[in-house]
1. Lysines within cross-link reach of K245: Cα-Cα under 28 Å, excluding same-chain residues under 8 positions apart?
2. Considering amide H positions built from the backbone, and no H for Pro or chain starts, which residues 5 or more places from N64, or on another chain, come under 5 Å of its amide H?
3. Quick one: if the Förster radius is 35 Å, what FRET efficiency do A141 and E272 give, using the C-beta to C-beta distance and rounding to 0.05?
4. Can you run phi through the Karplus equation (6.51, -1.76, 1.60; θ = phi - 60°) for region 271-285 and list ³J(HN,Hα) in whole Hz, with x for Gly and Pro?
5. What distance in nm lies between label points placed 7 Å from Cα along the C-beta direction at E176 and R46?
6. Distance in nm between label sites at E202 and A288, each 7 Å beyond Cα in the beta-carbon direction?
7. How many Å² of accessible area per residue for region 29-147, probe 1.4 Å?
8. How far apart, in nm, are the 7 Å Cα→Cβ label points at A110 and K214?
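The values are calculated or read from the model by the stated rules, or taken from the named source; none is laboratory data. Treat the numbers as computed from the prediction; the structure is a model and nothing was measured. Virtual Cβ from ideal backbone geometry, glycine too; neighbours counted across all protein chains shown. To get the accessible areas, we keep the full protein, side chains included, count just its heavy atoms, and leave off ligands, DNA and RNA. Shrake-Rupley method; radii C 1.70, N 1.55, O 1.52, S 1.80 Å.
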Amino acid sequence: MPRWLIVISALLLGWSGEAVAQTWPSKPIRAIVAFAAGSATDVIPRVVFEPLSAQLGQPIVVENRGGAGTTIGAAMVAKAEPDGYTLLATSSAHTLVPTVYPNASYDTAADFAAVVSLGSSPNVLVVSPSKGFKTAQDLVAAAKARPGSFTHLSAERFRMAAGFDATHIPFRGGAEALTEVLSGRAEFYFCPLGTALPQVREGKLMALAVSGPKRAALLPDVPSVLELFPNSDYPFWIGIFMPAKTPRDIVEKLHREAVNTMQLPNVKARLETLGMDPMPLTPAEFDAHVRAEIGTTGVLAKAAGLKPNQ
């Protein structure tokens, strides 16, 4: 192809992408949440989606497709038309898929375009008050004497640092896991802060530690796991993704609109009350963050003895 024709083609492609972004969205947007209704990864995106849809001028229709370690919902988005009308709302569990679901129908790193992080939050270590644990050390001592059951990768990190054994129980969402802890069938759970907070404040759950590097502002009297055991924290974030081949101008436009939405006073305040901390990353930075975390999470999962699901 002659040089001048290549230049013209490039210019036309660039103009075409900008033109598509200018008219996008022209119809409702479908948002697939890879977790069950009521979980933090369901609640947080909805807080943003409602005002975001108003800014975009089109509704964002949420569908909960939880199960199979987020792979059901994620597979739907990976295979969707990359036209900007299908979103994936998921959490840091997304980065665990290559290790635990090696035969997933998609490539976690290659088949998605990261759009925006909705924030990060510590998970909080909760137990039923009926268990009688007053501190995390009480739980660890009991677990060493009699291994119990738990859920979430944060718990694996904590378990390994504290040096005790327990059986992992997977659930589709935080609401189901909390029910098991409240009933006493599960010994403990590292739950997203916003999901656990109402139960903690009502005295139905006892908060023993938070998984972040520092204490949570909403639970200032609860220690960070790092105050108890080195290398015991685990990141938890929630983010929005699109199919990888979505035009970059659309990805960038949605990123800008979402960031602007999260800066609205009422949205910002709501996210704070749900325990979310800002996680400002550009789409490119978020993509790089995901790729790096796939590696670190994989190392953790293998060290914890998590077995691949076929």
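1. Partners found: K27, K79, K253.
2. Answer set, sorted by chain and number: V33.
3. Values: r = 35 Å, r/R0 = 0.99.
Step by step, r from the Cβ atoms, then E = 0.50.
4. 4, 5, 5, 8, x, 8, 9, x, 9, x, 9, 6, x, 5, 5
5. Placing both labels 7 Å beyond Cα along the Cβ direction yields 1.8 nm.
6. Those two pseudo-labels are separated by 4.4 nm.
7. Values: 4120 Å² over 119 residues.
Ligands and nucleic acids excluded, the result is 35 Å² per residue.
8. Here the modelled spin labels are 4.0 nm apart.
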